[in-house]
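Just below is one structure, and these are the notes that go with it.
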Amino acid sequence: MRIDLHTHSTASDGTDPPAEVMRRAADAGVDVVALTDHDTLAGHDEARRALPPGLALVTGMELSCRLDGRSVHMLAYAVDPGNTELAAECAAIVEARADRAKRMVELLRELGVGITWPQVEALAVGGVVARPHIARAMVAAGAITRPDEAFTDEWIGAGGRVYVSRYALDPVRAIRLVRAAGGATVLAHPGAVSRAEQLSEETIAGLAAAGLAGLEVAHPDQDQAVRQRLGVLAAKLDLIATGGSDDHGSLTGHRIGCETTAPEAYQRLMSLTSSGPS
């Protein structure tokens, strides 16, 4: 089985609708795909309706967290969408994302970048507004030539001159909220940032003690040395080693299935959720 546990759609900052993500997953030979949009479960109904024969969907999302001033991303799988406490936190994060994006647009305009909030909203097509939408608007305005050029100190990269912080969950609280909603959490791409921004082994051990289920070991932005280190850490802490493409459609080169999760790891992860193994 080929299992990709990390993809995005237009429900957040991917470029393809959920139905198209499902079609591309099937075309890529994937057997199980998780739709993990940022801080929202909004794309799952469309994804379910569009599931091609032979493809299984794992419902999920990528929760925004912050610890000691550092951004932390937490993949949450198989949560109960009716859990009011988790839903309220997601709504607060989504509102904070929009407020942050509006302020970034204002700062960019002060610097002479000709973008507007309605343009950014239009790129989000009703989904959760995120920095990639601003980056795409900057490309359209001719300020940069590629979206990735926006994520620097000069523009909207973390700590950059146009970067604006926003509300995010404490990761321990996120873990507990997800568990209370019947789901399981995996720390997303923990080695895909600079060493200075990475969480220490002691911190990850604390998250494991709080109920973290796994570490995303296989990720396109984590090289073999990082994967080796994370795999050793996962084994040491009895965490599940997962993998996913973190596909964002055309922004990442339509790469669904480029990284996968072992079937036994997937089964173990799903056994920790209320829905059980698929």
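Some points to look at:
- Distribution of pairwise C-alpha distances over the range 9-87, 5 Å bins, in %: 3, 16, 25, 23, 17, 9, 5, 2, 0
- Mean shadow area of the chain, taken as a quarter of the surface of its Cα convex hull (nm²): 13.3
- Electrostatic bookkeeping for Val162 treats Lys and Arg as +1 and Asp and Glu as -1; over the other residues with beta carbon under 12 Å from its beta carbon, the sum is +1.
- Computed from point charges on the beta carbon alone (+1 for Lys and Arg, -1 for Asp and Glu), the dipole magnitude for the chain about its Cα centre is near 120 Debye.
- Other-chain or far-sequence residues with amide H under 5 Å of Arg2's (modelled H): Asp31, Val32
- With the simple model of a label 7 Å out from the Cα in the direction of the Cβ, Ala225 to Arg173 spans 3.7 nm.
- Debye, to nearest 20: dipole size of the range 46-142, +1 on Lys, Arg Cβ, -1 on Asp, Glu Cβ: 320
- Reciprocal of mean inverse Cα separation for the range 46-122 (Kirkwood radius, Å): 15.7
- MRE, 222 nm, helices only [DSSP H, n ≥ 4, -39500 (n - 2.57), over the chain, to nearest 500]: -11500 deg cm²/dmol
- Convex hull volume of the range 104-243 per residue (C-alpha atoms, cubic angstrom): 133
- For the range 176-253, taking Cα atoms only, Rg and Dmax work out to 13.0, 38 Å respectively.
- Electrostatic tally near Leu123: other residues with Cβ closer than 12 Å to its Cβ, Lys and Arg +1, Asp and Glu -1, net 0.
- Think of the range 1-147 as a dipole: +1 on every Lys or Arg Cβ, -1 on every Asp or Glu Cβ, centred on the Cα centre; then among Ser64, Gly114, His38, Gly114 lies furthest on the positive end.
- Virtual spin-label span in nm between Thr116 and Thr84, 7 Å along Cα→Cβ: 4.0
- When the GluC sites (Glu not before Pro) in the range 122-223 are filtered for DSSP coil states and for at most 14 other beta-carbon atoms within 10 Å of their beta-carbon, the remaining sites are Glu154.
- Between the amide H of Gly14 and those of Ser9, distances stay under 5 Å, these residues lying 5 or more places away or on another chain, with hydrogens modeled in the peptide plane.
Here, each number is a calculation from the coordinates, and none is a lab measurement. Keep in mind that this is a model prediction, so the values were computed, not measured. Backbone-built Cβ (ideal geometry, glycine too); neighbour counts: all protein chains shown.
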